[in-house]
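To keep things clear, I will list the structure first and then write my remarks on it.
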Amino acid sequence: MLVRELYEKLPEPLKTEHTWRYSEYSFFVKDKEPKTIVQINQNTKFESDKIEITKGDLFEPLTLKYPEKITLHNLIHHKEKFSLDISKSGFYSFEQKLLGEYNILRTQIRIANNIETDLIISLSDELKNSTNNNVIEIEAQENSKVRIFFDNHFLNSYIHNFIYLDMKDNTDVRLLFSTFNPKYEKTHVKALINGVSSNFIVFILAKLSNNDHVDYRTENVHLKSNSKSLSVYRSIVNDQARSIYTGMLRIEKEAKYCNAYQNSRNILLSEKARVETIPELEILNQEVACTHGAVVSSLDEESIYYFMSRGVSREEAIKLLTDGFLLDKLEDNFGEKLYSIIYRKVTGEEHI
């Protein structure tokens, strides 16, 4: 079946489904044809290594099954893609700046066997009220160790991200997302843990104010035995902003001895701010360990008073507490290089 035929036969997403219950599908699909304008840069202060960027396929698109309709819309209307084949260990940076009014972007990334790499993917917009649909497919081959920081800078636009991940045997893949003051963002991260003894970790940091809207969904699908996954969502929500997180853990029948954990922690700084957190578990094998937890709270006034009693202003005390909340456990999971970058983004200061 052609992709276009599949797209046309799929119904509109239902608001009763968790995937689109809290966000508006029509924002991201326009009647007009997209005119994608993208500026690409590679820059990192750590290494001089460059990724070879091509326009051809690295692997068959839609390697994961059952993409949502908006992803098919993306694939139909923009057949060209940026392909990154990482076959050498190192530290890489890849920046995509969207300059058009309606941008559809596709990127394929393949991590070769026995490779250990850190990768920064920066995605930003320029025009106010632009619409951006973005699909990234990642294939991590056997025995690879991958840490990727998705450094998003969407201040004015409507953005939909769909991240596919296909993991092979003995892989360790760690994804880190930061979303600070976007206008309207819907991001879906689907990880197919398709290898034995593999480990998947995803951290999502959201800092929202004004009328920001962020809706994240993670799907960790365990297909093979002895695999692990950890999903962590942290949000700080102020003014009338809204933070939504849906986390799915699915263990297939054949996947024995898996360990999966999901955690959502949220801080409200305003009475008008809103947080929704929805855990979903589909456990088809009993010889596994799966747990989840969710917390929504305000800042501890005693902790604020402790700082103020030592000469720190209330505003600075709140900043110290919220910065520490976002940065907790990141260096342990993502290493010093990526941590120094996210530390600077969170705090506005250099990491010493």
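The values are calculated or read from the model by the stated rules, or taken from the named source; none is laboratory data. What you see is a predicted model, and the numbers here were worked out from it, not measured in a lab. Note that each Cβ is placed from the backbone with ideal geometry, even for glycine, and that neighbours are counted across all protein chains shown.
Could you tell me whether region 34-53 includes any residue that is within 22 Å of Ala140 (Cβ to Cβ), buried (at least 16 other Cβ atoms within 10 Å of the Cβ) and at pLDDT below 80? Give the derivation first.
Going residue by residue through region 34-53, those that are within 22 Å of Ala140 (Cβ to Cβ) are 42, 44, 46-47, 49-53.
Checking the rest, the ones that are also buried (at least 16 other Cβ atoms within 10 Å of the Cβ) come to 44, 51.
This time we only want the ones that are at pLDDT below 80, so: 44, 51.
So far as region 34-53 goes, yes, one or more of its residues are within 22 Å of Ala140 (Cβ to Cβ), buried (at least 16 other Cβ atoms within 10 Å of the Cβ) and at pLDDT below 80.
Of all residues in region 258-270 being farther than 14 Å from Val221 by Cα and of a type outside the set (Lys, Arg), which is surrounded by the fewest Cβ atoms within 10 Å (Cβ to Cβ)? Give the steps one after another, and end with the answer.
Within region 258-270, the first condition is being farther than 14 Å from Val221 by Cα, and the residues that meet it are 263-270.
Remaining after also requiring of a type outside the set (Lys, Arg): 263-264, 266-270.
Details: Asn263: 18, Ser264: 26, Asn266: 22, Ile267: 24, Leu268: 19, Leu269: 16, Ser270: 13.
The residue in question is Ser270.
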Just name the residue that is nearest to Ile278 (Cα to Cα) out of those in region 13-38 that are touching a Leu at 6+ places or on another chain (Cβ under 8 Å) and part of a loop (DSSP other than H, G, I, E, B).
Thr36
Filtering region 164-215 down to residues that are acidic (Asp, Glu), farther than 18 Å from Asn152 by Cα and in a strand (DSSP E or B) yields Asp166, Asp172
Residue count for region 271-294, restricted to those that are exposed (fewer than 15 other Cβ atoms within 10 Å of the Cβ), under 24 Å from Arg242 (Cβ atoms) and of a type in the set (Asp, Glu)
1
Could you count how many residues in region 138-158 are at pLDDT 95 or above and under 24 Å from Gly348 (Cβ atoms)?
4
Of everything in region 295-323 that's of a type in the set (Gly, Ala, Ser) and part of a helix (DSSP H, G or I), which residue is surrounded by the most Cβ atoms within 10 Å (Cβ to Cβ)?
Ala317
Flag if Asn266 is polar (S, T, N, Q), in contact with a Leu (Cβ under 6 Å, 6 or more places away or on another chain) and in the same structural domain as Met167 (by TED's automatic domain parsing)
no
How about region 168-180: which of its residues are surrounded by 22 or more Cβ atoms within 10 Å (Cβ to Cβ) and at pLDDT below 95?
Thr179
When the residues of region 212-243 are narrowed to those that are more than 30 Å from Val196 (Cα to Cα) and among the acidic types (Asp, Glu), which ends up surrounded by the fewest Cβ atoms within 10 Å (Cβ to Cβ)?
Asp239
Here is a list of conditions, (1) at pLDDT 90 or above; (2) within 25 Å of the chain's Cα centre (by Cα), and Glu349 meets all of them except one; can you say which number that is?
(1)
How many of the residues in region 183-194 are buried (at least 24 other Cβ atoms within 10 Å of the Cβ) and more than 13 Å from the chain's Cα centre (by Cα)?
1
Any residue that is part of a loop (DSSP other than H, G, I, E, B) and out of contact with any strand residue (DSSP E or B) (no Cβ under 7 Å at 6 or more places or on another chain) - is there at least one of those in region 260-269?
no
Matching entry among Lys228, Lys183 (being touching a strand residue (DSSP E or B) at 6+ places or on another chain (Cβ under 8 Å), of a type in the set (Lys, Arg), modelled with pLDDT of 95 or more and in the same structural domain as Asn152 (by TED's automatic domain parsing))
Lys228
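Name the residues in region 215-239 that are charged (D, E, K, R) and farther than 15 Å from Ile283 by Cα, would you? Walk me through how you get there before you give the answer.
Filtering region 215-239 for residues charged (D, E, K, R) gives 215, 217, 219, 224, 228, 234, 239.
Correct list: Asp215, Arg217, Arg234, Asp239.
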